[in-house]
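Step one of this worksheet: look at the structure below.
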Amino acid sequence: MTDRLKGKRAFVTAAAAGIGRASAIAFAREGAEVFATDIDDAGLASLAEHGIARTAKLDVRDTAAVEAIAREAGTVDILLNAAGFVHHGTVLDCSDTDWDFSFDLNVKSMHRTIRAFLPAMLEAGRGSIVNISSAAGVFKAAPNRYVYGATKAAVAALTRAVAVDFITRGIRCNAICPGTIETPSMLGRAAALGPQGREMFVSRQPMGRLGNSEEIAALAVYLASDESAFTTGVAHIIDGGWTL
């Protein structure tokens with residue numbers, strides 16, 4: 001199937017790498033006009049070869065910047081919130097600064113973008129919001145993911161709240177809850193654990209492999225498209241059986 005997003009306009013955060021990048025590329029491949037953002041200029045520039053010409057540097061922790069870029073972008077049909085950070089440690093390893101940073105980037109950033117883009121969606125009478133959450137914190141606890149799990153549970157709750165508040169006005173809001181996905185960020189965390197770090201992550205996946213960003217992007221395309229028109233407020237798990 002092709003052109004599943006033809007005629008739609010999408011705004012993507014954290015689009016320079018990982019799930020955000022794969023989703024932006026998948027959206028463009030399916031016919032959407034994509035506005036890709038990130039703090040990584042080089043990563044954004046490399047999206048041009050994938051048919052994404054409209055990019056901008058954006059720190060989603062900056063409310064004024066988010067509001068300004070929403071005005072620049074205009075009405076979009078799809079908002080994909082992919083920005084996030086994985087803090088390692090228990091409650092004893094989490095300072096107030098760590099807590100505040102994690103919630104600011106993982107949760108409040110989505111509050112900012114949704115608040116900025118939703119009014120135009122409501123005026124148009126349509127819109128699909130897709131938030132990247134995690135299987136960790138929503139469906140299962142993971143060791144040493146104290147504040148990360150808390151933020152991702154908050155994303156799932158935020159998603160349901162937006163969905164129920166605007167369900168009669170053409171707005172859908174869903175979350176994607178991945179398991180362990182092989183991204184540059186994940187590989188960096190694995191490397192920090194030593195030579196066997198990647199294998200440690202693989203060992204906790206029942207399928208015996210890590211997921212990839214393209215698999216998550218395929219679900220994002222479905223949720224962004226009209227194929228999922230009867231779906232809203234759902235935390236969609238895609239974890240290779242990790243939570244079974």
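Just a few scattered comments:
- Among the residues of the range 209-244, just one is touching an Asp or Glu at 6+ places or on another chain (Cβ under 6 Å) and in a helix (DSSP H, G or I), namely Val221.
- Residue that is surrounded by the fewest Cβ atoms within 10 Å (Cβ to Cβ), among those in the range 166-187 that are more than 14 Å from Leu210 (Cβ to Cβ) and not aliphatic (A, V, I, L, M): Thr168
- Whenever a residue of the range 97-114 is over 12 Å from Gly84 (Cβ atoms) and in contact (Cβ under 8 Å) with a residue 40 or more places away in the chain, its partners that are among the hydroxyl-bearing types (Ser, Thr, Tyr) and assigned to a helix (DSSP H, G or I), lying with C-beta atoms within less than 8 angstrom and at least six residues away or across chains, give the pairs Arg112/Thr63.
- Residue pairs meeting the criteria (Cβ under 9 Å; at least 6 apart or on separate chains; first under 21 Å from Thr113 (Cα atoms) and of a type in the set (Lys, Arg), in the range 42-61; second modelled with pLDDT of 95 or more and assigned to a loop (DSSP other than H, G, I, E, B)): Lys57/Ile39; Lys57/Asp40; Arg61/Ala83
- Annotation: Lys140 fulfils all but one of (1) in contact with a Leu (Cβ under 7 Å, 6 or more places away or on another chain); (2) of a type in the set (Lys, Arg); (3) buried (at least 16 other Cβ atoms within 10 Å of the Cβ); the unmet one is (1).
- Residue ID - surrounded by the fewest Cβ atoms within 10 Å (Cβ to Cβ), chosen from residues in the range 46-98 that are polar (S, T, N, Q) and under 19 Å from the mean Cα position of the chain (by Cα): Thr63
- Helices (runs of 4 or more DSSP H) (entirely within the range 39-117) containing at least 3 residues that are under 20 Å from Tyr146 (Cα atoms): 96-103
- All of Ala14, Ala24 fail the test of being in a loop (DSSP other than H, G, I, E, B) and crowded, with 22+ Cβ neighbours inside 10 Å, apart from Ala14.
The values are calculated or read from the model by the stated rules, or taken from the named source; none is laboratory data. Not measured: the values here are computed from a predicted model. Here the Cβ is made from the backbone with ideal geometry for all residues, glycine too, and neighbour counts use every protein chain on show.
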